[in-house]
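Peer 1: This is the structure I have questions about; it appears just below.
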Amino acid sequence: MDKSVKRTVRDEWRHYLRKPSSSAKPDAVTTSEIDKLLGDITAGTAPGYDCIHPEFLTHMGPQARNRLAKFFSCLLTEHRIPCVWRQANVIALPKPGKDITLAASYRLISPLIVCFKLLERIILRRIAPTVDAVLSPSQAGSRQGRSTNECSVEEYR
């Protein structure tokens, strides 16, 4: 993306955030929200760029969960994400049965930071009911409990 375009987008975003209409604060993240979602985190997955394993978060004590909830609330209020959460280590995994000397024989993955995934899930849980009410029934992909195979041809006519 061109630097001038990036600058324009950034400036417009800052202008939007300074408007009085955007001064409504989101609800604070609670430790119970974190507890519910930590149960869904898959153990044994690769850590992100920060090298924090998912098991670390699932074994946090109550004080650490409380501080994480306050940190997430602060991020939501300030509309910011830490810069390190935007970085990733890209890992090349060989595809089974393919020639490993060819670049096309590898699948690239970039594990996300576990804290970032947790915050994303909190936000998704909060916005999902509103978004589901607004989306068309024919919009099935990437929605919980829906599949792109569910849509009939008549819905597209």
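The values are calculated or read from the model by the stated rules, or taken from the named source; none is laboratory data. Everything numeric in this text was worked out from a predicted model, so none of it was measured. Cβ placement follows ideal geometry from the backbone for every residue including glycine, while neighbour counts extend to all protein chains displayed.
Peer 1: All but one of (1) modelled with pLDDT of 90 or more; (2) within 19 Å of the chain's Cα centre (by Cα); (3) surrounded by 13 or more Cβ atoms within 10 Å (Cβ to Cβ) hold for Cys74; state the number of the condition that does not hold.
Peer 2: Only one criterion in (1) modelled with pLDDT of 90 or more; (2) within 19 Å of the chain's Cα centre (by Cα); (3) surrounded by 13 or more Cβ atoms within 10 Å (Cβ to Cβ) is unmet by Cys74, namely (3).
Peer 1: Is it true that Glu33 is at pLDDT 85 or above and surrounded by 10 or more Cβ atoms within 10 Å (Cβ to Cβ)?
Peer 2: yes
Peer 1: If I filter segment 129-142 for residues that are modelled with pLDDT under 70, loosely packed, with under 15 Cβ neighbours inside 10 Å and among the hydroxyl-bearing types (Ser, Thr, Tyr), do I get at least one hit?
Peer 2: Looking only at segment 129-142, we keep the residues that are modelled with pLDDT under 70, and these are 140-142.
Restricting the remaining residues to those that are loosely packed, with under 15 Cβ neighbours inside 10 Å gives 141-142.
Imposing the further condition that a residue be among the hydroxyl-bearing types (Ser, Thr, Tyr) reduces the set to 142.
Checking segment 129-142: at least one residue is modelled with pLDDT under 70, loosely packed, with under 15 Cβ neighbours inside 10 Å and among the hydroxyl-bearing types (Ser, Thr, Tyr).
Peer 1: Let me ask you something else. Any residue in segment 36-48 that is over 18 Å from Arg67 (Cα atoms), modelled with pLDDT of 80 or more and more than 22 Å from the chain's Cα centre (by Cα)?
Peer 2: no
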